[in-house]
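Notes follow once the structure below has been shown.
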Amino acid sequence: MNVPRVALIGECMIELRHLTPDRLALGYAGDVFNTAAYLARSAAPDALDVQFVTVTGDDPYSAEMRARWHAHGVGDRYARVRPGGRAGLYLIRTDEHGERTFQHYRSESPARDLFGPDQPAAIDEAVAGHDLVYLSGITLSIMKEPARARLAEVLAETRRRGGLVAYDGNHRPSGWPSRAAAAGAAAAVLAHTSIALPSLDDDRLVHGDASARACVERLRDAGVPEIAVKLGAQGCVIADRDAMEAVPAVPDADVVDTTSAGDAFNGAYLAARLAGDDRRAAAEAGTRLAAEVIAHPGALLPPLPGRRSGP
């Protein structure tokens, strides 16, 4: 039986999380990889083929990183290795409310080579043949302009072949020279997007959306047919071209660390939609997983037994 094939394009880094001011825990994460792991976790065993599209180094941390992907059920069939490259790194702190701040050290990250001149055309062709292709605003921020144009062609080809494109406008202001640059890059992707999964806080920074309704209307005007706007503790608003409804968050969720709550929502939402669930059921699955994730320190829950993926 053919299972849906999902390609997720982004970066995975070393995660160093403060346990105390002078003690750190090592992990591997990144917004799109987090969604890949939670997508694989949310699907029935062997129900999806989940592949992470990226570039890593050949250092020991990059090798360990790939082993962790497999443990989470995520394959590396389209992940290239840059000889001499070293994994990017970020440090994370959380305050007493579970809100997090990041410090990134990624200027030489091999993932910046995504869709660059050294990427084989065979990867473009393979990605375009997937049932669903997913990326984020952070993916766009680490790519050069010619690479973003090449990626847009792949997304257009994905849609021409009947595949879906899902996009989360996840935004880190430090990754962009200006708000206008971020908005322009997003517009080029939204022209090919089937499912938009923005967070209102991010879209407010980039596009000036004052409310979830304003965000939905802007995305409708861009031609996006399916939308889920994440609102943190207020849940989300889901919409298509005609209807809009609110879905509440899980009440009284225990908040330890909000890292990757939105990524978890995206993974569960997409897994549910690929399984044939309607938008409301998918959003409820997303809010449930997000509530589980924020009760756990770090970006990723421990892998589920039996979900290991090969390449």
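The values are calculated or read from the model by the stated rules, or taken from the named source; none is laboratory data. Everything numeric in this text was worked out from a predicted model, so none of it was measured. Virtual Cβ from ideal backbone geometry, glycine too; neighbours counted across all protein chains shown. Quick note on the areas: whole protein, heavy atoms, side chains included, nothing else; ligands and nucleic acids left out. Shrake-Rupley method; radii C 1.70, N 1.55, O 1.52, S 1.80 Å.
Normalised by the number of residues in the range 1-47, the mean separation of alpha-carbon contacts (under 8 Å, six or more apart) gives a relative contact order of 37 percent. Here the range 85-191 exposes an accessible surface that is 51 percent carbon and sulfur, computed with a 1.4 Å probe and the other protein chains kept in place. What you get for the chain, charging only the Cβ of Lys and Arg (+1) and of Asp and Glu (-1), is a dipole of about 500 debye around the Cα centre. Accessible area per residue for the chain, computed on protein heavy atoms with a 1.4 Å probe, is 43 Å². Between the residues Pro4, Ala180, Ala128, the greatest Cα displacement towards the positive end of the dipole of the chain, with unit charges on the Cβ of Lys, Arg, Asp and Glu, is found for Ala128.
Under the criterion of Cα pairs below 8 Å and six or more residues apart, the relative contact order for the chain equals 19 percent.
The alpha carbon centroids of the range 123-202 and the range 5-64 are separated by 19 Å. With semi-axes defined as the square roots of five times the eigenvalues of the C-alpha gyration tensor, the equivalent ellipsoid of the chain measures 25, 24, 20 Å, largest first. Under the simplified labelling scheme, the Arg241-Ala187 pair shows an inter-label distance of 2.2 nm, with each label point 7 Å from Cα along Cα→Cβ. Shown for the range 199-283: the carbon plus sulfur share of the solvent-accessible area, taken with all protein chains present and a 1.4 angstrom probe, equals 49%. With the highest mean first, a sort of the peptides 38-45, 139-146 on other beta-carbon atoms found within 10 angstrom per residue produces 38-45, 139-146. Note on the range 73-121 and the range 221-283: Cα centroid distance 25 Å, given to the nearest whole angstrom.
Available extension along the chain between Gln103 and Arg308 is 70.8 nm, counting 0.36 nm per residue and deducting the alpha carbon span.
Modelled this way, with points 7 Å down the Cα-to-C-beta line, the labels at Ala222 and Ala63 are 4.1 nm from one another.
For the peptides 71-77, 262-268, the ranking by mean Cβ contacts within 10 Å, running from highest to lowest, is 262-268, 71-77. Counted over the range 93-244 with a bin width of 10 Å, the fraction of Cα pairs per bin, in whole percents, is 11, 38, 35, 16, 1.
Taking every C-alpha pair closer than 8 Å and separated by at least 6 residues, the mean separation divided by the residue count of the range 48-97 gives a relative contact order of 48 percent. For Ile238, neighbours were defined as the other residues whose beta-carbon sits under 13 Å from its Cβ, and their charges (Lys and Arg +1, Asp and Glu -1) total 0. Across the accessible surface of the range 12-53, with the other protein chains kept in place and a 1.4 Å probe, carbon and sulfur atoms take up 52 percent.
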